[in-house]
Amino acid sequence: MPAVRIGIGGWTYEPWRGTFYPDGLPQKRELEYVGQTLTATEINATYYGRQSAKSWENWAKAVPDGFQFAVKGSRFIVMKSKLAEAGEGIANFHAQGFAALGDKLGPILWMFMARMRFDRDDMGPFLKLLPEKQDGIPLRHVIEPRHESFRDEAFFDLCRDHNVAVVYGDDEEFPLIDVDTADFRYARLQRMNDEVPTGYDRKSLDRFADLIKGWKKDSYIFMINGAKVRAPAAALALQQRLGIAQA
């Protein structure tokens, strides 16, 4: 059966204290609580810099079996004018120790700049640089394109050749490119409404649930922006619709 994981972006966010996290929960146990209630989270910190070996070990210990972390690729890689020249940076990024997560390691998310246009001659070599394994751990990669030029069959074919997924992004600002290019799917849902207790209304949540059921493969869905304070409630509501609630 395909595994479907629903989560949020990160776990340290002050407005979640008292709205998602119970009153009095120590901050050092917030990730543990996320692991008890949801099934995945994106690690934001890796976008900004390397993490210590101890951090990876501690994060792995804090969550139960079955939970997975998606890891954001370094901004110093995705901001390069020529992605094909990022080989050294990619190697250094993957050598920071996240293989310590073991089977709790989810996909590596490469978020492109909004100004980046699709360039086949640059994208092909970049995808070849992405490793399939790190320290014996299989890796999955996913790209979030933010420019309409990526709506191109040449881009889709390159992703299929390398089993790289393309983000399904529900977003006001960036294009929605709904394409199946890998053995898994990855969605980032970013239009939550602060006035709706579950972030998305019932109709939207039902639509997302039907969409995910139709994918029929491993899937990762993250409530990550918009009214961020509502993200955990939105994730929990979607989990319930899919019958995978943790609690």
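The values are calculated or read from the model by the stated rules, or taken from the named source; none is laboratory data. Note that the structure is predicted; figures quoted are calculated from it, not measured. Using ideal geometry, Cβ is built from the backbone for each residue, glycine included, and neighbour counts are taken over all protein chains shown. For the accessible areas, the whole protein counts, side chains as well, though only heavy atoms, and no ligand, DNA or RNA atoms are used. Shrake-Rupley method; radii C 1.70, N 1.55, O 1.52, S 1.80 Å.
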Taking the structure as given and computing Kirkwood radius over Cα pairs in Å, which label from (1) 19.3; (2) 18.4; (3) 20.1 fits?
(2)
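Roughly how large, in nm² to one decimal, is the mean projection of the convex hull of the alpha-carbon atoms in the stretch 1-111?
That works out to 7.9 nm².
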Can you give the three extents of the C-alpha atoms in the stretch 62-166 along their principal axes, from longest to shortest, in whole Å?
40, 25, 23
Residue 58 label point, 7 Å along Cα→Cβ, cut-off 12 Å on backbone N: hits in the stretch 8-52?
27-32, 52
Roll a 1.4 Å probe over the protein chains and send me the accessible area per residue for the chain in Å².
47 Å²
Let's test the formula: R0 of 25 Å, r as the Cβ-Cβ distance of residue 178 and residue 1. What FRET efficiency results, to the nearest 0.05?
0.60
Out of every Cα pair in the stretch 164-234, what percent are spaced more than 15 Å from each other?
53 percent
For the pair residue 213 and residue 12, the simple spin-label estimate (label points 7 Å beyond Cα toward Cβ) gives in nm 3.9 nm
Test of understanding: what is the full-extension gain from residue 84 to residue 206, defined as 0.36 nm times their sequence separation minus their Cα-Cα distance?
39.9 nm
Return the inverse of the average 1/r over all pairs of distinct C-alpha atoms in the stretch 138-198, which is the Kirkwood hydrodynamic radius, in Å to one decimal.
12.5 Å
Give the cross-link partners of residue 28 among the lysines, using a straight C-alpha distance below 20 Å as the criterion and excluding same-chain residues fewer than 8 apart.
54, 61, 104
If Rh is defined by the Kirkwood formula over all Cα pairs and Rg also comes from Cα, what ratio Rg/Rh do you get for the stretch 173-213?
1.01
Which semi-axis lengths, in whole Å and largest first, follow from the square roots of five times the eigenvalues of the Cα gyration tensor of the stretch 125-168?
22, 11, 8
Of the GluC sites (Glu not before Pro) in the stretch 145-228, which ones lie in a loop per DSSP and count no more than 10 other C-beta atoms within 10 Å?
172, 173, 195
Using per-residue counts of other Cβ atoms within 10 Å, averaged over each peptide, order 12-18, 123-129, 229-235 from highest down.
229-235, 123-129, 12-18
Of the residues 162, 79, 48, the Cα lying farthest along the dipole of the chain towards its positive end, which is defined by charges on the beta carbon of Lys, Arg, Asp and Glu, belongs to 48
If every alpha-carbon in the stretch 122-247 counts as one equal scatterer, what log10 I(q)/I(0) does Debye give at q = 0.14, 0.15, 0.19 1/Å?
-0.68, -0.76, -1.08
Give the accessible area for residue 104 in Å² (nearest 10); use a 1.4 Å probe, count only protein heavy atoms, and leave out ligands, DNA and RNA.
20 Å²
